[in-house]
1. In the range 102-117, what residues are out of contact with any His (no Cβ under 7 Å at 6 or more places or on another chain) and within 19 Å of PRO651 (Cα to Cα)?
2. If we scan the range 6-15, do we find a residue that is surrounded by 16 or more Cβ atoms within 10 Å (Cβ to Cβ), at pLDDT 90 or above and small (Gly, Ala, Ser)?
3. Among the residues of the range 730-761, write down those that are in contact with a helix residue (DSSP H, G or I) (Cβ under 8 Å, 6 or more places away or on another chain), in a helix (DSSP H, G or I) and not hydrophobic (A, V, I, L, M, F, W, C).
4. Tell me which of these LEU735 doesn't satisfy, since it passes every other one: (1) assigned by TED's automatic domain parsing to the domain that holds LEU365; (2) buried (at least 19 other Cβ atoms within 10 Å of the Cβ).
5. Got a sec? Which of VAL559, VAL582 is touching a residue at least 60 places away in the same chain (Cβ under 8 Å) and in a strand (DSSP E or B)?
6. So which strands (runs of 3 or more DSSP E) stay within the range 463-528 end to end and still have 3 or more residues that are polar (S, T, N, Q), within 37 Å of the chain's Cα centre (by Cα) and surrounded by fewer than 21 Cβ atoms within 10 Å (Cβ to Cβ)?
7. Which residue pairs have Cβ atoms closer than 8 Å, lie 6 or more positions apart in sequence or on different chains, and pair a first residue in the range 488-503 that is more than 12 Å from ILE639 (Cα to Cα) with a second residue that is part of a loop (DSSP other than H, G, I, E, B) and among the polar types (S, T, N, Q)?
8. Give the range 760-775 a look and list any residue that's under 15 Å from GLY455 (Cα atoms) and surrounded by fewer than 19 Cβ atoms within 10 Å (Cβ to Cβ), or say none.
Amino acid sequence: MIGSYLKTSRRSLVRNKLFSAINIIGLAVSMSVGLLVIAFLTDLLSYDDFHEKKDRMYRILTKNEIIDQPEMNFASTSIKAGNRIRETIPGIEAMTLLRKEFQGDARIDEKTIIPIAATWADQSFFKVFTFPIIKGDPSTALRDPYSLVLTEKTAKKLFGEADALGKTVRFDTLNYTVTGVVKDIPKLSHIQFEALVSFASILGQKADADGDLLSWKSIYSNYVYLVLPENANQQAIQANLDKLSAAENAGIQNRKITLSLQPLGEIALGAHYVNEIGASVPIPVVWILAGLAFVVILSACFNYTNLSIARSMRRSREVGIRKIVGALKGHVLGQFVAESVIISLLALLFSLGIFLVLRTQFLALAPQLDNLVSLDLSPQIILYFLALAVVVGIAAGFVPALFFSRIQAIQVLKDASSLKMFRHISLRKALIVIQYTFSLIFITATLIGYSQYRGFISFDLGFTTENILNIRMQGNKSELLRKELAEIPEVSDISQSMMITSLGSLNGSSMKYKNPQDSAGVWLNMVDARHLPLHRHKFIAGTNFRTRPVNGTETEVIVNEQVLKRFNIANRNPTKALGEMVTMDGKKLTIVGVLKDFHYGTMENKIEPMVFRYYTGDNGGYLNVKIKSTNLPTTVASIDNAWRKIDKIHPLDAKFYDDQIEEAYKQFEVMVKVIGFITFLAICIASMGLFGMVVFTTETKLKEISIRKVLGASEGRLIFLLSKGFLLLLVIATLIALPTTYLFFDKVVLAKFAYHQPIGLAELVTSVLVVMVIAFLLIGSQTLKAARSNPATVLKSE
C-alpha cells in the first residue's frame with residue numbers, strides 16, 4: 001500500500017510540475033521560518049539544563065513598592081534577605097548568595113593583564129549550581145576571604161598552561177588566591193562569569209564604605225538562589241517568605257518589599273525583571289515569533305489546499321477509477337495525505353538550506369541574540385524539524401484528502417462538473433482573502449513600525465544631542481582626560497555626567513519639600529557645571545549651578561517643571577520657586593534653576609519629576625565631548641590617542657549620543673526587521689498561490705474566452721472579466737486588514753508608549769498599493785496571455 005502511495009504521488013508531482021513547484025517552494029520558505037522558531041525555542045528551553053537540581057532550584061524575586069512611584073519587580077534582592085532566609089526559614093536544602101559588578105584589572109607579578117568580570121559568590125555556590133570544578137575542593141573553594149575561582153579559559157589567559165591552583169592574582173591593592181578552576185560556562189547558562197570571588201571578601205571591603213550594604217532596602221545588586229528538597233511544599237516556603245517580608249517592612253516607612261520564588265526554568269524564558277543577571281526573553285516575544293511563523297506556514301498550506309481543489313476536475317476522475325477497482329474511502333484519504341506529506345518532506349530539504357542562511361542573518365540582527373542562542377543543529381532539533389514537516393504535510397493535505405475521499409465513483413464518471421465543490425467555491429475564495437489579509441496586515445505593520453522607529457530616534461528630546469561623544473571613564477580620572485582632550489582643536493566643549501539620559505537607564509532618589517511626611521521619588525542625574533549649557537537645556541527660571549561643592553557639601557539643585565507640580569512649590573511658579581529648599585538624601589538643597597520639561601527616559605516613559613545635582617566624582621561616569629569637525633573619523637582617532645595616554649589597558653568606550661539613542665530602540669528596530677522579513681515571505685507565498693490559481697483559471701476558461709472573442713469581445717473586456725473576481729477578493733482583504741492593523745497599533749502596541757507618532761494615511765495606502773500592483777502584474781500577465789490566444793487553435797478540436 002505504501003509503495004502504491006509513493007508511486008502515485010511521484011507520478012502526480014511529475015505530471016503537475018508548476019503546481020508541485022509552487023507547493024514545494026511555498027512550503028520550504030514558510031517552514032524555514034518555523035525551523036528558526038523551533039531552534040530558538042529549543043535553545044531557550046534548554047537553558048540551565050546541565051544543573052543536576054534544576055527542577056528544584058528557585059531564585060528569590062523582589063517586588064518593590066514606594067509611595068508615588070510605579071511598582072517595580074526585581075530579579076535581585078538584599079543580602080539581608082538571603083541571610084534571614086538561611087536563618088529563619090526551614091525546609092531549604094541549600095542556599096547561595098551572589099553579587100554582580102566585580103570588575104578589575106588582574107595583575108600577576110606586577111604585570112597588568114586584562115579586565116576580568118567576576119561574580120561574588122558565597123561558599124554554598126557549588127551546593128546549588130552544577131558548574132563542574134576540575135581543580136580544588138568545591139566545599140571550601142569559596143569559604144575564605146580573598147579566594148578566587150577561575151574558569152578554564154580565564155586560567156589559561158592568566159597563567160597559560162601552568163597550574164593556576166594556589167597562584168595569586170592582584171586586583172587593585174588586594175591579593176586573591178586561586179582556590180579552584182571550573183569548566184568553561186556553557187553558553188546556555190543564564191549566569192555567565194570569568195571568575196568567582198568569595199563573598200566573605202566583600203564584607204570586609206564594603207561594610208564600612210557602604211552603610212546600606214546589609215540593609216533590607218539594598219536590593220539592587222544581590223541574588224539569592226535556593227534548592228528545595230524533593231516534594232517540598234512550595235506554598236509553605238512562600239508563606240514563610242511573606243511573613244519575613246512583613247516583619248522586615250515594619251521597620252521601614254513609605255516602602256514595601258516583598259519576596260517570592262521563581263523556578264530556575266522560568267528565568268531564561270519568562271517574565272523580564274529589573275536587574276536581570278543574565279539571559280531573559282519574555283514569553284510574549286516567543287509567542288509573537290511563533291504566531292508569525294504559524295501564519296506564514298498556514299499561508300503555504302492554503303496554497304496547497306487551493307491548488308489541490310482547483311485541480312479537482314482532473315484528480316476526481318482518477319479517484320473514481322480507484323474506487324471502482326476496490327479502493328476504500330480510507331485508502332483515498334491515505335493516498336492524498338501521503339502525497340501531501342511527501343511534498344512537505346521534499347520542501348523540508350530545501351527549507352534546511354534556507355534555515356542555515358536565515359540563522360546567520362537572524363543572529364546578526366543584534367549582538368544580544370548571538371550571545372543568547374546558538375541555533376545549532378542537533379539530533380533532537382532534527383527530529384523536531386521532521387515532526388514539523390509531517391504535521392505541515394498532514395495539515396496542508398487534510399482538506400483536499402477529505403474532499404476526494406467523499407467522491408462518489410458513479411457521479412464523477414458520469415459528470416465531474418456536478419460535484420458539489422464545483423458549484424460552491426467559497427472555500428477557495430475565503431483562503432485567498434485570508435492569505436492577502438495577513439499579507440496586508442504584515443505590510444502595514446512593517447510600515448507603521450518603521451515610521452514609529454524613525455519618529456522615536458528623531459523625537460525632540462528638549463535638548464541637543466548632535467555631535468556629542470559620550471566617553472565612559474572606566475574608573476580613570478576625568479581631569480587627566482580633560483587636559484588631553486583640550487589639546488584637540490575639534491573638541492569645542494566638555495562636560496561630565498554620572499549617566500546618559502534618554503536611553504532607558506533611570507536613577508532615582510527621594511525628595512521632600514516642607515512636609516516631612518510627604519516624600520516622593522524623583523529621577524536624578526549628577527552633572528558638572530558645563531553639562532546643561534553643552535546640551536542646551538532650556539531654563540525657564542534661574543541659572544546654572546553657581547558654586548562647586550566643597551568636601552562633598554552640596555547646596556544647590558536644579559529641577560524640572562514636574563517637580564514644582566508634584567510638590568506644588570510656590571504654586572508652581574518657576575520664578576518664585578527659586579530659593580525654595582528641598583531635602584534629598586538628608587541634605588538641604590536650594591533650588592537655583594528650573595528647566596523646561598525634557599525627555600529623561602525613552603518614549604515609553606512619561607515626563608516625571610527630575611533633578612540635577614552637582615557631580616563631584618573624578619573617576620567615574622562619562623565625559624560628554626562636543627565636537628565640531630568636518631572629518632569625524634580623524635577626530636575620533638585623535639580622541640582615541642588621547643585616551644591611550646591615560647589608559648593603556650582598556651580600549652576607548654565612546655559612542656555618539658545619536659547612535660546611543662538608536663541603540664536604545666534596537667529591540668523595536670529588530671522587531672520591525674523581523675516583521676518586514678515575514679511580510680516579504682508572506683506576500684511571496686500568497687502571490688505564488690494567486691499565480692497558480694490564475695494560471696489554472698485561465699486554462700479552464702480558454703474555450704469560453706475564445707468563444708467570446710469570436711463574438712466580438714475586446715481584449716480589455718476579457719481581461720476585466722477574468723480578473724475582476726480576484727481583485728474583488730483583494731478589496732475584501734483590504735477592508736478587513738487595514739482597520740484591524742490600525743486598531744491593534746493604536747490601542748495595543750502604541751498605547752504602551754507615552755509619546756509616539758500618529759499613524760499616517762501614507763502607511764495604510766502604501767500597503768494596499770504594493771499588494772494591488774503585485775496582484776495586478778500576476779493576474780494581468782496571465783489574463784492578457786489568455787485574451788490574446790488564437791480562437792481557431794483553441795476551438796479546432798470542438
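1. PHE102, GLN103, GLY104, ASP105, ALA106, ARG107, LYS111, THR112, ILE113, ILE114, ILE116, ALA117
2. No, the range 6-15 contains no residue that is surrounded by 16 or more Cβ atoms within 10 Å (Cβ to Cβ), at pLDDT 90 or above and small (Gly, Ala, Ser).
3. THR734, THR740, THR741, TYR742 - these are the residues of the range 730-761 that are in contact with a helix residue (DSSP H, G or I) (Cβ under 8 Å, 6 or more places away or on another chain), in a helix (DSSP H, G or I) and not hydrophobic (A, V, I, L, M, F, W, C).
4. So the condition that LEU735 fails would be (2).
5. None of the other options fit; the residue is VAL582.
6. Once the strands (runs of 3 or more DSSP E) in the range 463-528 are filtered for at least 3 residues that are polar (S, T, N, Q), within 37 Å of the chain's Cα centre (by Cα) and surrounded by fewer than 21 Cβ atoms within 10 Å (Cβ to Cβ), nothing remains.
7. Sorted first by the residue in the range 488-503, then by its partner, the pairs are MET498/ASN507; MET499/SER505; MET499/ASN507; SER502/THR465; SER502/THR602; LEU503/THR602.
8. Once the filter is applied, which keeps residues that are under 15 Å from GLY455 (Cα atoms) and surrounded by fewer than 19 Cβ atoms within 10 Å (Cβ to Cβ), the range 760-775 yields GLY760, ALA762.
The values are calculated or read from the model by the stated rules, or taken from the named source; none is laboratory data. A quick note: this is a predicted structure, and the numbers were derived from the prediction, not measured. Positions of Cβ are backbone-derived with ideal geometry, glycine not excepted, and every protein chain shown enters the neighbour counts.
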